[in-house]
Amino acid sequence: MALTSTTITSWKLQEIVAHSSNVSSLVLGKSSGRLLATGGEDCRVNIWAVSKPNCIMSLTGHTSPVESIQFNSSEERVVAGSQSGSLRLWDLEAAKILRTLMGHKASICSLDFHPMGEYLASGSVDSSIKLWDVRRKGCVFRYKGHTQAVCCLAFSPDGKWLASASDDSTVKLWDLIAGKMITEFTSHTSAVNVVQFHPNEYLLASGSADRTVKLWDLEKFNMIGSSEGETGVVRSILFNPDGSCLYSGSENTLRVFGWEPDRCFDVLHVGWGKVSDLAISNNQMIAVSYSQNNVSWYVVDLNQVKKSGSVIQGLIEDKPIPAPTSAMGATLRRNYERPTTSCTRQESPSSEDEKEDRESSAEITNPEDYKEIFQPHSHARNAKAGVMGDDEALAQIRKGHDTMCVMLTSRYKNLDTVRFVWASGDVKTSLDSAVSMNDLSIVVDILNIINLKPSLWKLDLCTSILPQIEELLQSKYESYVQTGCMSLKLILKRFWPLISDTLTAPPSVGVDITREGRLKCKACYKQLKNLSNVVKNRAEQVGRHGSTFKELQLLMAPLDY
């Protein structure tokens, strides 16, 4: 049956280029579901708002890629952990750095704020967990027990416990006041990527690379549920705000689970790829994923998702499933008491050089959006985050759709023109035709064909394409950079010996029959010299293509002699 506009369950909201290099981490604000923080290999933290195309604020100070980020509950603060092991905490409303915390010796891969807000926990690749007092700029406790990287941290709603998930396939529960491990859950068979406490009851959920979601009773400290049927690694989990069900995000799939007994209420196929985080706002799920330097937002209408009632799981086993007394199952458990006191276990705070804070900054890149979102108090901001209706959602879809149709129509027309010229067998004229269209996507399409057959390359092509390669190497699109690097590498390996020999050869005696070739070689040499500066700068940057640019830099070294 064809779907109408009123039956759309999920859709892609928008896609942005989030950083100048690859995105390495991101997190959604769970209170509003409308704020996003991204961390990149460019060492920046950028702040975004759903449905806003431009970055609101860019936070600097880290000197290595940002590997983990977290908002506090009011979304007024954000903390970021780097590959070098440093932590930086910013006040978003005041647009300034608050703290720089040093102590980890390896990359930070997980963070969480204590419900009271003045404490935060960090987990590292070195398997350690640290609890920080952000007021005193000090580490107040270190927890040891994991044997591999700590992938996720979560404080209990009452602030008394800390749950940690690790690559060592375990989930550990820590008592903050006693400063010791309470219990360890070992039923997962692969790395545990994510943990989350039930919003009210003494329950903990965990998602793993073993393709299961498991639920743990925190009174009896035993497993009370385990999902089956995940098609991929579980990357994100989220309890419904009322605690009635659990959402599980894996590659391109959203599942809705119940427990006692184990049940799968619904399965939705969403094109979000490797989903990285989930949040809920006004009965809409906001999901984000990233690839290279792009970040995509997706929306799922939870009004059309089954959260109770008919059961999918269990049919495979061909056995009856007992009906629970409620959507959450029949077992009654204790509820959390919200925190009223802080953690009391403390050590001497580590002294910190104020220079670290002075070298960090919060640059407001979009003043209008910044004032709209951060100048009102957080509760006013959350009130503004209204539900996105069908009309607004469809408008967002059509906005990008119309632009894409125009672009693809133009691209098809241009490629058809190039194909007609190519049929004559003149590669040089075909390439010149593509260049004259002022559309790099057409140039990339042609280069991808020529790169597959190096014998098509002639010196004539180099003079036409080298200026275009300079643009490709500085493009924000990963595929353009990759194509430009491949073309430049082929040119250097195939033509640099000819160019070098021609320019260093003695003058001709009599008729200068090599004049035209020498002029082409001089033009190529000049263009390659310009490109060498671009390659040198890119080779010094951290990123996926760093090694490729270093290789190109070595190939271009003879240009300096």
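The values are calculated or read from the model by the stated rules, or taken from the named source; none is laboratory data. Computed from a predicted model, the values in this text were never measured in an experiment. Note that each Cβ is placed from the backbone with ideal geometry, even for glycine, and that neighbours are counted across all protein chains shown. What goes into the accessible areas is simple: the full protein's heavy atoms, side chains included, and nothing from ligands, DNA or RNA. Shrake-Rupley method; radii C 1.70, N 1.55, O 1.52, S 1.80 Å.
Within the group Glu41, Glu76, which residue is in contact with a helix residue (DSSP H, G or I) (Cβ under 6 Å, 6 or more places away or on another chain) and either of a type in the set (S, T, N, Q) or under 19 Å from Glu363 (Cα atoms) (or both)?
Glu76
Go through region 421-445 residue by residue and tally those that are exposed (fewer than 12 other Cβ atoms within 10 Å of the Cβ) and farther than 23 Å from Ser475 by Cβ.
3
Suppose the filter is open to solvent by less than 20 Å² (accessible area, probe 1.4 Å), over 15 Å from Asp301 (Cβ atoms) and part of a strand (DSSP E or B); does Gly243 pass it? Spell out the reasoning first.
Numbers: open to solvent by less than 20 Å² (accessible area, probe 1.4 Å): yes; over 15 Å from Asp301 (Cβ atoms): yes; part of a strand (DSSP E or B): no.
No.
Within region 10-33, identify whether any single residue is under 28 Å from Tyr119 (Cα atoms) and among the acidic types (Asp, Glu), and answer yes or no.
Within region 10-33 (the criterion being under 28 Å from Tyr119 (Cα atoms) and among the acidic types (Asp, Glu)), the answer is no, since none of the residues qualifies.
For region 104-113, give me each residue that is crowded, with 19+ Cβ neighbours inside 10 Å and over 12 Å from Arg77 (Cβ atoms). Steps first, please.
Residues of region 104-113 crowded, with 19+ Cβ neighbours inside 10 Å: 104, 107-113.
Answer for region 104-113, where residues must be crowded, with 19+ Cβ neighbours inside 10 Å and over 12 Å from Arg77 (Cβ atoms): His104, Ser107, Ile108, Cys109, Ser110, Asp112.
For region 81-102, which residues satisfy the criterion of being open to solvent by less than 10 Å² (accessible area, probe 1.4 Å) and either outside any strand (DSSP E or B) or over 16 Å from Asp133 (Cα atoms) (or both)?
Ser82, Gly85, Ser86, Leu92
Could you say which residue among Ser64, Ser127, Ser84, Ser156 is closer than 22 Å to Ser236 by Cα and under 24 Å from the mean Cα position of the chain (by Cα)?
On the way: Ser64 fails: closer than 22 Å to Ser236 by Cα; Ser84 fails: closer than 22 Å to Ser236 by Cα; Ser156 fails: under 24 Å from the mean Cα position of the chain (by Cα).
So the residue among Ser64, Ser127, Ser84, Ser156 that is closer than 22 Å to Ser236 by Cα and under 24 Å from the mean Cα position of the chain (by Cα) is Ser127.
Report yes if Arg381 is modelled with pLDDT of 75 or more, among the basic types (Lys, Arg) and part of a helix (DSSP H, G or I), otherwise no.
When the stated conditions are applied, Arg381 does not pass them.
Can you tell me how many residues in region 68-83 are out of contact with any Pro (no Cβ under 9 Å at 6 or more places or on another chain) and among the small types (Gly, Ala, Ser)?
Qualifying residue count for the region: 4.
Looking at Leu215, is it within 20 Å of Ala163 (Cβ to Cβ), over 24 Å from the mean Cα position of the chain (by Cα) and buried (at least 19 other Cβ atoms within 10 Å of the Cβ)?
The answer is yes for Leu215.
List the strands (runs of 3 or more DSSP E) that sit entirely inside region 126-179 and contain at least 1 residues that are in contact with a Ser or Thr (Cβ under 9 Å, 6 or more places away or on another chain) and among the charged types (D, E, K, R).
So the answer is 129-133, 138-143, 171-175.
When the residues of region 1-29 are narrowed to those that are exposed (fewer than 15 other Cβ atoms within 10 Å of the Cβ) and in a loop (DSSP other than H, G, I, E, B), which ends up modelled with the lowest pLDDT?
Met1
Here is a yes/no grid of residues against (1) more than 28 Å from the chain's Cα centre (by Cα); (2) open to solvent by 50 Å² or more (accessible area, probe 1.4 Å); (3) within 19 Å of Leu415 (Cα to Cα):
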site: Leu447; (1), (2), (3): yes, no, yes
site: Trp457; (1), (2), (3): yes, no, no
site: Leu461; (1), (2), (3): yes, no, yes
site: Leu466; (1), (2), (3): yes, no, no
site: Leu472; (1), (2), (3): no, no, yes
site: Ser475; (1), (2), (3): no, no, no
site: Tyr480; (1), (2), (3): no, no, yes
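What number of residues in region 157-191 are aliphatic (A, V, I, L, M), touching a Gly at 6+ places or on another chain (Cβ under 9 Å) and either at pLDDT 95 or above or open to solvent by 20 Å² or more (accessible area, probe 1.4 Å) (or both)?
2
Please enumerate the residues belonging to region 230-240 that are open to solvent by less than 20 Å² (accessible area, probe 1.4 Å), assigned to a loop (DSSP other than H, G, I, E, B) and of a type outside the set (A, V, I, L, M).
Glu230, Gly232, Asn240
Which numbered condition in (1) open to solvent by less than 10 Å² (accessible area, probe 1.4 Å); (2) within 21 Å of Ile47 (Cα to Cα) is the only one that Gly258 fails?
Gly258 satisfies every listed condition except (2).
In this structure, is Ser32 of a type outside the set (D, E, K, R), surrounded by 22 or more Cβ atoms within 10 Å (Cβ to Cβ), at pLDDT below 90 and at negative phi?
So Ser32 passes the test.
For every residue, the table says whether it meets (1) out of contact with any helix residue (DSSP H, G or I) (no Cβ under 9 Å at 6 or more places or on another chain); (2) open to solvent by 10 Å² or more (accessible area, probe 1.4 Å); (3) in contact (Cβ under 8 Å) with a residue 40 or more places away in the chain.
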| residue | (1), (2), (3) |
| --- | --- |
| Asn193 | yes, yes, yes |
| Pro199 | yes, yes, yes |
| Leu204 | yes, no, yes |
| Glu228 | yes, yes, yes |
| Thr253 | yes, no, no |
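Taking only region 115-156 into account, find how many residues are under 20 Å from Glu76 (Cβ atoms) and open to solvent by 30 Å² or more (accessible area, probe 1.4 Å).
The number of residues fulfilling the criteria is 5.
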